[in-house]
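Below is one structure; the comments refer to it alone.
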Amino acid sequence: HGLSSIYTLQADKKTAYTAMIHEIQHAPVSREWLHVTFQSVSLTEEATADVSVHLKGRDVLLHKGFELQQQLESIQIKGLPGDFPASIEIDVSSMEPGEQVTIADLKLPKGVTSLTESDRMVFAVSYPRIREKETADKQATPAVETVKPATDSEVK
């Protein structure tokens, strides 16, 4: 379940509420849940939610030696709460360096639209950055000179 999932909260035997998670407060160190705030929603009225983006196949890219630069962890969507996905999964295993995915490339469920700009980059694949060793530093280091002690005849 995600933040965009629909929950039925049972107040008593006759009263139930349809709700979504609005906020989760975590303990700073342990990250345990301290408090959950729910928001009542109607299943027949449009609402907005943040949906997390999960990348499938990240390990395959890393094994190939590529880097993955993820720009967005979640996107904001609008639609009927019952149509919201728990998360958006993107298979990145077959991508090559230079390829990227924008919001416009995402396949959202019918009736759900993104409120995040369509040209925003979600992630990109690139070659790893390789630092070249500074050869100039090696060349700038003075060579050690062997100095022969002066003889008495050279001192005069």
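Values quoted throughout were computed directly from the atomic coordinates according to the rules given, and no laboratory measurement underlies them. This one's a predicted model, so the numbers in the text were calculated from it and none came from an experiment. Virtual Cβ from ideal backbone geometry, glycine too; neighbours counted across all protein chains shown.
Given labels modelled 7 Å from the Cα in the Cβ direction, how far is it in nm from Lys110 to Thr37?
It is 3.6 nm.
Using alpha-carbon pairs under 8 Å, 6+ residues apart, how would you state the relative contact order of the stretch 10-111 in percent?
Value for the stretch 10-111: 24 percent.
Considering the zone a paramagnetic label at Ala86 would reach in this model (a point 7 Å from Cα along the Cα-to-Cβ line), which residues of the stretch 36-59 have amide N under 14 Å from it?
In the stretch 36-59, the label zone of Ala86 (backbone N under 14 Å from the point 7 Å along Cα→Cβ) covers 52-54.
Between Arg129 and Leu72, what is 0.36 nm times their sequence separation minus the Cα-Cα distance? Round to one decimal in nm. Could you put the intermediate results ahead of the total?
Values: separation 57, 0.36 × 57 = 20.52 nm, distance 2.11 nm.
Value of the extension gain: 18.4 nm.
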